[in-house]
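The block underneath contains the structure these notes are about, expressed in structure tokens.
Every read-out reported here was derived from the displayed coordinates using simple, explicitly stated rules and does not represent laboratory data. Note that the structure is predicted; figures quoted are calculated from it, not measured. Cβ atoms come from the backbone with ideal geometry, glycine included; neighbour counts cover every protein chain shown.
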């Protein structure tokens, strides 16, 4: 399994480079005056937006497919492989961007995080923190010598936390879309991020995951 974990990480790091390279090209195309400045954002053409949505969906499908190949018979281990891949991929996406173009330039700099089902906005450090959590938990589950099963309570806590985190990412753009549609998005500039929603959500996600580690250790010593 250590060898499997190595190849999962290598795949995710390579895919992160590919992802960051595409983003560099998009920034050169849409932000030629300054590729380090994303806001106010530029509006994609309908064709480019459709291609970008398809690329993001394909990225998720690729990671899930690899996770299924690693452990298709155990739902928890499949989920662990997926979040491990996701965590390494997302963390190295920002590392590669820093290497290639020197971005992000600040710890709390905002980013356009994702586009499905609507635009996600927030400081890049937020998904990076989630990635660290995913890498730790996913790696531990995959390396565990005994099966790990998330209880219904742990799953519920994780899902509630994830919804709070998503709410913090959706909050900046929802009022703009409701008031003026896609054109309102062009006027967005980063303001106050809802840390009061993100932090509790992140802690709940972490508790839901890490409590399974503690319960697994108690079973091993029991």
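Among (1) 1.08; (2) 0.96; (3) 1.28, which is the computed Cα Rg over 2.2 N^0.38 Å?
(1)
Pop a pseudo-label 7 angstrom from the Cα along the beta-carbon direction at both residue 143 and residue 43 and give the gap in nm to one decimal.
So the label points at residue 143 and residue 43 sit 4.9 nm apart.
Quickly work out the residue 163-to-residue 113 label distance, labels modelled 7 Å from Cα along the C-beta direction, and quote it in nm with one decimal.
Between residue 113 and residue 163, the label points sit 1.7 nm apart.
Would you mind calculating the gained length between residue 95 and residue 132 on full extension (0.36 nm times residue separation, minus the Cα-Cα distance), in nm to one decimal? Before the final figure, lay out each step's value.
Numbers: separation 37, 0.36 × 37 = 13.32 nm, distance 1.31 nm.
So the chain would gain 12.0 nm between residue 95 and residue 132.
Roughly speaking, what is the stretch gain from residue 151 to residue 68, that is 0.36 nm per residue apart minus the C-alpha to C-alpha distance, in nm to one decimal?
That works out to 27.8 nm of additional length.
With an 8 Å Cα cut-off and a minimum separation of 6 or more residues, compute the relative contact order for region 2-221 in percent.
Working: 255 pairs, mean separation 49.4, N = 220.
The normalised contact order for region 2-221 reaches 22 percent.
Evaluate E = 1/(1 + (r/R0)^6) for residue 28 and residue 180, where r is the Cβ-Cβ distance and R0 equals 22 Å; express this FRET efficiency to the nearest 0.05.
Values: r = 28 Å, r/R0 = 1.28.
It comes to 0.20.
Where in region 141-160 is the amide nitrogen less than 16 Å from a point lying 7 Å along the Cα-to-Cβ axis of residue 7?
Those under the cut-off are 143.
Using only DSSP helix segments of four residues or longer, with each worth -39500 (n - 2.57), what per-residue ellipticity at 222 nm results for the chain after dividing by its residue count and rounding to 500?
On the way: 7 runs with 158 residues, N = 222.
Only helices count here, giving -25000 deg cm²/dmol.
Quick one: order 31, 93, 25 by neighbouring beta-carbon count within 10 Å, fewest to most.
On the way: 31 14, 93 23, 25 11.
The order, fewest Cβ neighbours first, is 25, 31, 93.
For region 89-181, what's the relative contact order in percent, using C-alpha pairs closer than 8 Å and at least 6 residues apart? Intermediate values should be presented prior to the final figure.
Numbers: 57 pairs, mean separation 24.0, N = 93.
26 percent.
Can you tell me the orientation of helix 152-170 relative to the chain, as the angle in degrees between its alpha-carbon axis and the longest Cα principal axis, to the nearest 10?
So the helix axis and the longest Cα principal axis differ by about 10 degrees.
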